[in-house]
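Novice: Sharing a structure, written as structure tokens. Questions coming.
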Amino acid sequence: MMNLMPFSRMSDFFDAFDDKDYYDNASRKVLACRTDIKQYEGGYIMEAELPGFEKSEISIDINDKTLAIRAEHKPAEESKVRYIRRERSLCAYQRSFDISGIDADKITAEYKNGLLILTLPIKVEQPVTGRKLEIN
């Protein structure tokens, strides 16, 4: 009879939140940050949401034709802290983008109010000019 009552099962549900493993596993998530990419005449502007991060916790790596954004909270020493309720997990964000056709040497980054803003200028192909080669 107790199994038919929805509230009797609710205690099992809330007991899961007292389980330390629940929080440990939830705190190791790697998520993809939400990103908008806008085109302008000379290239693109990428805006990635990274709320709550310090600049020192964000890294941007450019390798070959890939741009990778990674943000990870550095856990503080909380050995003596016992949480009653913890809803904010220590997660990490990671995302990679193909930057073929982008002038990687001229990419700039700015971080303000939880928004990472990257300016990605289009690579301008230099026209091949002819010249006369002298024979020595």
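The values are calculated or read from the model by the stated rules, or taken from the named source; none is laboratory data. All values reported here derive from a predicted model rather than from experimental measurement. We place every Cβ from the backbone using ideal geometry, glycine too, and count neighbours over all the protein chains shown.
Novice: Restricting attention to the range 63-84, does a residue exist that is farther than 24 Å from Leu31 by Cβ, among the hydroxyl-bearing types (Ser, Thr, Tyr) and modelled with pLDDT under 95?
Specialist: Within the range 63-84, one or more residues are farther than 24 Å from Leu31 by Cβ, among the hydroxyl-bearing types (Ser, Thr, Tyr) and modelled with pLDDT under 95.
Novice: Something else: In this structure, is Asp105 at pLDDT 90 or above and assigned to a helix (DSSP H, G or I)?
Specialist: yes
Novice: Continuing with the same structure: Any idea which of Gly42, Gly52 is surrounded by 11 or more Cβ atoms within 10 Å (Cβ to Cβ) and at pLDDT 60 or above?
Specialist: None of the other options fit; the residue is Gly42.
Novice: Continuing with this model, one more query. Among the residues of the range 44-75, count how many are part of a loop (DSSP other than H, G, I, E, B) and touching a residue at least 60 places away in the same chain (Cβ under 8 Å).
Specialist: Result for the range 44-75: 4.
Novice: Quick one: which residue in Leu133, Leu120 is surrounded by 13 or more Cβ atoms within 10 Å (Cβ to Cβ), over 15 Å from the mean Cα position of the chain (by Cα) and at negative phi?
Specialist: The unique qualifying residue is Leu120.
Novice: How about the range 93-117: which of its residues are acidic (Asp, Glu) and exposed (fewer than 14 other Cβ atoms within 10 Å of the Cβ)?
Specialist: Within the range 93-117, Asp98, Asp105, Glu110 meet the criteria.
Novice: I need the full set of residues from the range 55-78 which are of a type in the set (A, V, I, L, M) and loosely packed, with under 10 Cβ neighbours inside 10 Å, in order please.
Specialist: Ala76
Novice: Considering only the range 80-123, how many residues are out of contact with any strand residue (DSSP E or B) (no Cβ under 8 Å at 6 or more places or on another chain) and under 21 Å from Thr66 (Cβ atoms)?
Specialist: Counting residues in the range 80-123 that are out of contact with any strand residue (DSSP E or B) (no Cβ under 8 Å at 6 or more places or on another chain) and under 21 Å from Thr66 (Cβ atoms) gives 2.
Novice: For Leu116, are the conditions met, namely being at pLDDT 75 or above and out of contact with any Cys (no Cβ under 9 Å at 6 or more places or on another chain)?
Specialist: Here the answer is no, as Leu116 does not meet what is asked.
Novice: Let me ask another. If I filter the range 105-117 down to residues being of a type in the set (Val, Ile, Thr) and over 14 Å from the mean Cα position of the chain (by Cα), which single residue comes out as farthest from Glu57 (Cα to Cα)?
Specialist: Ile107
Novice: Can you pull out the residues in the range 86-102 that are part of a loop (DSSP other than H, G, I, E, B), out of contact with any helix residue (DSSP H, G or I) (no Cβ under 7 Å at 6 or more places or on another chain) and of a type in the set (Gly, Ala, Ser)?
Specialist: Ser100, Gly101
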